[in-house]
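The values are calculated or read from the model by the stated rules, or taken from the named source; none is laboratory data. Everything quoted here is computed from the prediction, not taken from an experiment. Here Cβ is always computed from backbone atoms with ideal geometry, including for glycine, and neighbour counts include all displayed protein chains. Accessible surface is based on the protein model in full, side chains and every heavy atom, while ligands, DNA and RNA are left aside. Shrake-Rupley method; radii C 1.70, N 1.55, O 1.52, S 1.80 Å.
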Amino acid sequence: MTDSTSNQMWGGRFAAGPDAIMEAINASIGFDRRMAAQDIAGSRAHAAMLAATGVISDSDAEAIGKGLLTVLSEIEAGRFEFSTALEDIHMNVEARLKEIIGEAAGRLHTARSRNDQVATDFKLWVRDQLDAADAGLVALIRALLAQAEAGADWVMPGFTHLQTAQPVTWGHHMMAYVEMFGRDLSRIRDARARMNECPLGAAALAGTSFPIDRGMTAQALGFDRPAANSLDAVSDRDFALEFLSAASICAMHLSRFAEELVIWSSAQFRFVTLSDRFSTGSSIMPQKKNPDAAELIRAKVGRIFGANTALMMVMKGLPLAYSKDMQEDKEQVFDAADNLMLALAAMEGMVRDMSGNRDALAAAAGSGFSTATDLADWLVRVLGLPFREAHHVTGTLVALAEGKGCDLPDLDLAEMQEVHGGITEDVFDVLGVENSVNSRTSYGGTAPTQVRAQIVRWREQLA
């Protein structure tokens with residue numbers, strides 16, 4: 001097959017033939033430039049350690065350190081010219097460093113490889129994202145706590161199968177999401193603690209014969225310790241997978257809440273009013289106020305789940321140690337991190353701005369026979385009925401009320417006594433939604449006293 005024929009097979013996109021194809025598939029500078037700050041931080045720590053251990057001179061280390069800061073300033077100012085021919089952020093930085101300081105730049109790469117360099121850079125970048133997610137989750141939890149405190153005693157329907165189940169409080173519903181996002185926060189912090197080992201000094205895969213001090217570079221970069229096995233250090237991407245896994249669960253929680261906000265803000269529910277900042281209008285229907293921010297948050301989960309699955313597929317068949325497949329790790333993580341942080345910020349803003357419609361919530365709380373369980377519990381507690389019999393009696397009364405087009409509290413006592421003669425006037429005390437929620441005082445229950453106790457616990461925990 002001639003070169004011209006093969007070029008046609010590859011397509012007109014690669015006019016220069018196989019060399020251009022190899023450059024395009026091999027280069028990562030188009031996306032890994034995002035790790036410039038981490039790459040330069042790692043190189044500065046490495047150079048300082050090389051000088052401290054006598055591997056390079058103090059003067060070379062000083063020139064390297066200053067030169068790297070110059071490179072960083074150029075990148076941050078947008079003056080740096082990235083080259084695809086230099087493949088990645090590491091080679092781009094090193095080439096520019098050589099232009100700035102000359103021969104000393106060549107000593108920077110002593111006792112390291114791009115394998116441990118990229119693993120270190122990527123860990124530092126992911127660690128920054130874990131810290132950002134931590135801050136975003138704390139802000140969201142605080143916004144939910146403020147909503148819970150404001151509506152600790154507002155009654156609303158609790159749902160199962162999206163059907164009215166039992167009355168709960170607005171505060172209790174908000175605190176359910178505090179618990180969800182609290183677990184996300186725990187996962188983020190747990191992942192950060194586990195990943196905080198430094199790969200730098202593992203070199204290509206076997207370590208190095210130079211007398212380096214891996215503890216020094218680990219400490220300089222904020223790691224707890226050096227990674228203990230050089231093979232694992234360069235081939236490990238568990239830290240990225242753990243981030244994506246935690247991000248996926250968090251995104252799922254955000255999506256569930258977003259779905260509720262879409263439903264609650266509809267004209268049929270009117271449970272909440274979202275602020276104009278997080279809503280849009282219609283190009284044709286002037287009455288519309290669309291919960292677009294919530295809908296977009298709901299959609300973000302697909303991208304984050306996809307990134308998690310994609311990186312799992314990249315890593316699943318790789319032998320030790322490093323393989324070029326791992327270059328495909330970063331774009332997935334970058335995209336997932338961007339979308340998670342955006343979704344967290346948007347949800348926090350919506351929660352802070354939204355207004356619960358107390359009247360609509362209360363009206364819905366009393367509909368759909370929401371106190372039927374309270375009636376059954378009363379029959380057990382006061383009349384001593386077995387629960388199964390109480391359940392049957394209550395079901396009969398619900399059917400009676402449904403046939404009359406009214407709710408349980410609207411039935412006459414005489415009508416109730418026709419179903420069970422032991423029912424007394426006292427039963428009406430448990431049929432009000434306020435009485436229902438106030439009675440649920442078990443730990444973690446919906447009673448306002450329990451809700452307020454959980455708010456205090458969470459504020460102390462965050463503090």
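In whole Å, how far is the Cα centre of region 310-349 from that of region 369-415?
54 Å
Which percent of Cα pairs goes in each bin when the distances of region 367-462 are cut into 5 angstrom slices starting at zero?
2, 13, 21, 21, 15, 9, 7, 5, 4, 2, 1
Within region 226-240, find all residues whose amide N lies under 20 Å from a label point positioned 7 Å from the Cα of MET312 along Cα-to-beta-carbon.
236-240
Where only protein heavy atoms count, and the probe is 1.4 Å, what is the accessible area per residue for the chain in Å²?
It amounts to 47 Å² per residue over the chain.
Only four residue types carry charge here, +1 at the Cβ of Lys and Arg and -1 at the Cβ of Asp and Glu. Report the dipole size of region 395-463 about the Cα centre in Debye, rounded to the nearest 20.
720 debye
Return, ordered by residue number, the residues of region 442-463 whose backbone nitrogen is under 19 Å from a label point located 7 Å along Cα→Cβ of ALA165.
442-448, 450-451
Just to be sure I understand the model, the point goes 7 Å from the Cα along the line to the Cβ. What's the resulting VAL380 to PHE31 distance in nm?
Distance between label points: 5.5 nm.
Can you run phi through the Karplus equation (6.51, -1.76, 1.60; θ = phi - 60°) for region 53-63 and list ³J(HN,Hα) in whole Hz, with x for Gly and Pro?
9, x, 6, 10, 6, 4, 5, 5, 4, 5, 5
Within 13 Å, Cβ to Cβ, of ASP153, how many net charges do the neighbouring residues add up to if Lys/Arg are +1 and Asp/Glu are -1?
Here the count lands on +1.
Per DSSP helix of 4 or more residues, -39500 (n - 2.57); summed, then divided by the residues of the chain. What does that give at 222 nm, rounded to the nearest 500?
Helices in the chain give a 222 nm mean residue ellipticity of -20500 deg cm²/dmol.
Of the accessible area of the chain, with the probe set at 1.4 angstrom, what percent is carbon plus sulfur?
On the chain, the fraction of accessible area on carbon and sulfur atoms equals 52 percent.
Please label the shape of region 181-237 as rounded, prolate or oblate, based on the square roots a ≥ b ≥ c of the eigenvalues of the alpha-carbon gyration tensor (a/c under 1.5 means rounded; beyond that, a/b larger than b/c means prolate, else oblate).
Note, shape of region 181-237 comes out oblate.
Find which of LEU296, LEU68, LEU320 sits farthest along the positive direction of the dipole of the chain, computed with +1 on the beta-carbon of Lys and Arg, -1 on that of Asp and Glu, about the Cα centre.
LEU68
Can you compute the radius of gyration and Dmax for region 20-107, using only the Cα atoms, both in Å?
In Å, with Rg to one decimal and Dmax whole: 13.5, 43.
Positive end of the dipole of the chain, charges at C-beta (+1 Lys, Arg; -1 Asp, Glu), about the Cα centre: which of HIS173, THR446, ALA227 has its Cα farthest in that direction?
Result: ALA227, furthest along the dipole toward the positive end.
Between ALA135 and GLN417, what is the FRET efficiency for a Förster distance of 45 Å, r being their Cβ-Cβ separation, to the nearest 0.05?
So, using R0 = 45 Å, E works out to roughly 0.15.
For region 20-107, with the dipole built from +1 on Lys and Arg beta-carbon atoms and -1 on Asp and Glu ones, taken about the Cα centre, which of ASN92, GLY30, HIS46 lies farthest toward the positive end?
Value computed over the given set: HIS46.
Would you work out the Kirkwood radius for the chain? I mean one over the mean of 1/r across all pairs of different Cα atoms, in Å.
One decimal place: 26.6 Å for the Kirkwood radius.
With every atom except the alpha carbons ignored, what do you get for Rg and Dmax of region 165-298, in angstroms?
23.4, 73
Among CYS198, CYS406, what's the order by accessible area (1.4 angstrom probe), most exposed first?
From most accessible down to least: CYS406, CYS198.
Please give the charge dipole size of the chain, origin at the Cα centre, charges +1 on K and R Cβ atoms and -1 on D and E Cβ atoms. Round to the nearest 20 debye.
Here the chain has a charge dipole of around 560 debye.
Report the label-to-label distance for GLU425 and SER442 in nanometres (one decimal), using points 7 Å from each Cα along the Cα→Cβ vector.
Placing both labels 7 Å beyond Cα along the Cβ direction yields 3.2 nm.
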